[in-house]
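Taking it in order: structure first as structure tokens, then the write-up.
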Amino acid sequence: MTGDVGTVYLVGSGPGDPELLTVKARRLLEEADLVMHDKLPGEDIIELVPAEARVDVGKRAHGDRTPQSEINRRLVERAREGKTVVRLKGGDPTVFARGGEEMAYLADHDVPFEVVPGVTSATGGPAVAGIPLTHREFASSVTVVTGHEDPTKAESAVDWEALAATGGTIVVLMGVTRLPEYTRALIDAGMDPDTPAALVERATWDGQQVATGTVETIVDARDLVGIEPPAVTVIGEVAGVREDVLEWLGGYE
């Protein structure tokens with residue numbers, strides 16, 4: 001189907017600071033007929049969108065959410081009305097953000113789309129806190145996993161034993177609540193309990209907080225600082241670099 005069908009743009013908003021939006025993302029937010037967003041981009045970015053073009057498809061009161069199936073349906077419906085539609089996501093639209101599902105659905109329904117990458121919190125969060133994910137002395141590989149899953153679950157898609165053995169840097173997204181379970185799983189799998197670890201909450205937002213420690217102590221550090229979602233967990237020797245650069249770290253501390 002072609003003709004008057006509009007285009008859907010799957011846009012990443014980055015970690016939260018509007019200045020980290022790509023030039024293309026900002027232009028699309030200002031020009032789109034409709035911007036379907038959730039809460040992760042933050043009010044500073046959402047307010048860049050004309051009020052009449054905003055459609056909130058994020059979490060509602062009492063924990064209600066707009067089902068992904070409903071979001072998919074509405075993307076197709078609005079595009080078939082000839083509208084230019086932005087599906088605005090935090091971070092990058094293809095990193096734990098359902099972007100792949102939405103691309104497939106749009107393609108199945110003959111709706112043209114374009115992905116506009118954003119700075120994923122998996123890299124941006126640690127970076128602004130002074131934590132490089134790779135370092136010639138400490139890590140030459142990075143693994144990004146979801147922290148939503150219970151590490152003790154028999155069918156978990158995340159192999160924590162393999163991660164403990166692989167080395168390099170582990171980045172856990174959406175992993176604040178289950179931090180005790182997966183740090184214990186890593187230690188039980190043989191990871192040195194003294195391996196540096198850090199949590200970066202609300203990276204680039206007002207109120208950014210960082211907790212540092214080791215795999216063994218990071219849960220206590222989380223509780224002491226009061227880290228809450230959204231936050232990124234970094235596990236590996238690179239997490240210790242922050243202490244060496246903190247005095248000179250500008251911008252987001």
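The values are calculated or read from the model by the stated rules, or taken from the named source; none is laboratory data. Only a predicted model underlies this, so the values are computations on that prediction, with no experimental measurement involved. Glycine gets a Cβ as well: all are built from the backbone with ideal geometry, and neighbour counts include every protein chain shown. All accessible areas refer to the heavy atoms of the entire protein, side chains included, with ligands and DNA or RNA removed. Shrake-Rupley method; radii C 1.70, N 1.55, O 1.52, S 1.80 Å.
Taking segment 103-135 as the range and being buried (at least 23 other Cβ atoms within 10 Å of the Cβ), of a type outside the set (Val, Ile, Thr) and farther than 15 Å from Thr169 by Cβ as the test, only Gly118 passes.
Going by the structure shown, is Ala164 open to solvent by less than 60 Å² (accessible area, probe 1.4 Å), without any contact (Cβ under 8 Å) to a residue 40 or more places away in the chain and not in a loop (DSSP other than H, G, I, E, B)? It would help to see each step written out before you state the result.
Working: open to solvent by less than 60 Å² (accessible area, probe 1.4 Å): yes; without any contact (Cβ under 8 Å) to a residue 40 or more places away in the chain: yes; not in a loop (DSSP other than H, G, I, E, B): yes.
Yes; evaluated as a whole, the condition is true for this residue.
Please tell me if Ala198 is in contact with a helix residue (DSSP H, G or I) (Cβ under 6 Å, 6 or more places away or on another chain), open to solvent by less than 60 Å² (accessible area, probe 1.4 Å), assigned to a strand (DSSP E or B) and free of Cβ contacts under 8 Å to residues at least 60 places away in the same chain. Criteria not met by Ala198. For segment 236-250, the condition of being part of a strand (DSSP E or B) and either surrounded by 15 or more Cβ atoms within 10 Å (Cβ to Cβ) or of a type in the set (Val, Ile, Thr) (or both) holds for none of the residues. Does Thr143 satisfy being polar (S, T, N, Q), open to solvent by 20 Å² or more (accessible area, probe 1.4 Å) and within 20 Å of the chain's Cα centre (by Cα)? When the stated conditions are applied, Thr143 passes them. Residues considered: Gly175, Gly125. Of these, the only one that is under 30 Å from Gly250 (Cα atoms), of a type outside the set (A, V, I, L, M, F, W, C), assigned to a loop (DSSP other than H, G, I, E, B) and within 16 Å of the chain's Cα centre (by Cα) is Gly175. Somewhere in segment 54-66, is a residue modelled with pLDDT under 95, farther than 14 Å from Leu10 by Cα, open to solvent by 70 Å² or more (accessible area, probe 1.4 Å) and over 21 Å from the mean Cα position of the chain (by Cα)? For segment 54-66, residues modelled with pLDDT under 95, farther than 14 Å from Leu10 by Cα, open to solvent by 70 Å² or more (accessible area, probe 1.4 Å) and over 21 Å from the mean Cα position of the chain (by Cα): present. All conditions in (1) within 22 Å of Tyr252 (Cα to Cα); (2) over 22 Å from the mean Cα position of the chain (by Cα) hold for Val234, with the sole exception of (2).
Could you tell me whether segment 204-211 includes any residue that is of a type in the set (Asp, Glu), surrounded by fewer than 21 Cβ atoms within 10 Å (Cβ to Cβ) and either touching a residue at least 24 places away in the same chain (Cβ under 8 Å) or closer than 24 Å to Leu20 by Cβ (or both)? The answer is yes, given that some residue of segment 204-211 is of a type in the set (Asp, Glu), surrounded by fewer than 21 Cβ atoms within 10 Å (Cβ to Cβ) and either touching a residue at least 24 places away in the same chain (Cβ under 8 Å) or closer than 24 Å to Leu20 by Cβ (or both). Evaluation of Val200 against the conditions (1) farther than 21 Å from Phe96 by Cβ; (2) of a type outside the set (S, T, N, Q); (3) touching a strand residue (DSSP E or B) at 6+ places or on another chain (Cβ under 9 Å) shows that the sole unmet condition is (1).
Restricted to strands (runs of 3 or more DSSP E) entirely inside segment 1-90, those with at least 1 residues that are touching a residue at least 40 places away in the same chain (Cβ under 8 Å) are 8-12, 34-37, 85-89.
Conditions tested, residue by residue: (1) farther than 20 Å from Asp206 by Cα; (2) open to solvent by 90 Å² or more (accessible area, probe 1.4 Å); (3) of a type in the set (Phe, Trp, Tyr); (4) at pLDDT below 95.
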{"residue": "Asp4", "(1), (2), (3), (4)": "yes, yes, no, yes"}
{"residue": "Val11", "(1), (2), (3), (4)": "yes, no, no, no"}
{"residue": "Ala25", "(1), (2), (3), (4)": "yes, no, no, no"}
{"residue": "Asp33", "(1), (2), (3), (4)": "yes, no, no, no"}
{"residue": "Lys39", "(1), (2), (3), (4)": "no, yes, no, yes"}
{"residue": "Val76", "(1), (2), (3), (4)": "yes, no, no, no"}
{"residue": "Gly82", "(1), (2), (3), (4)": "yes, no, no, no"}
{"residue": "Arg87", "(1), (2), (3), (4)": "yes, no, no, no"}
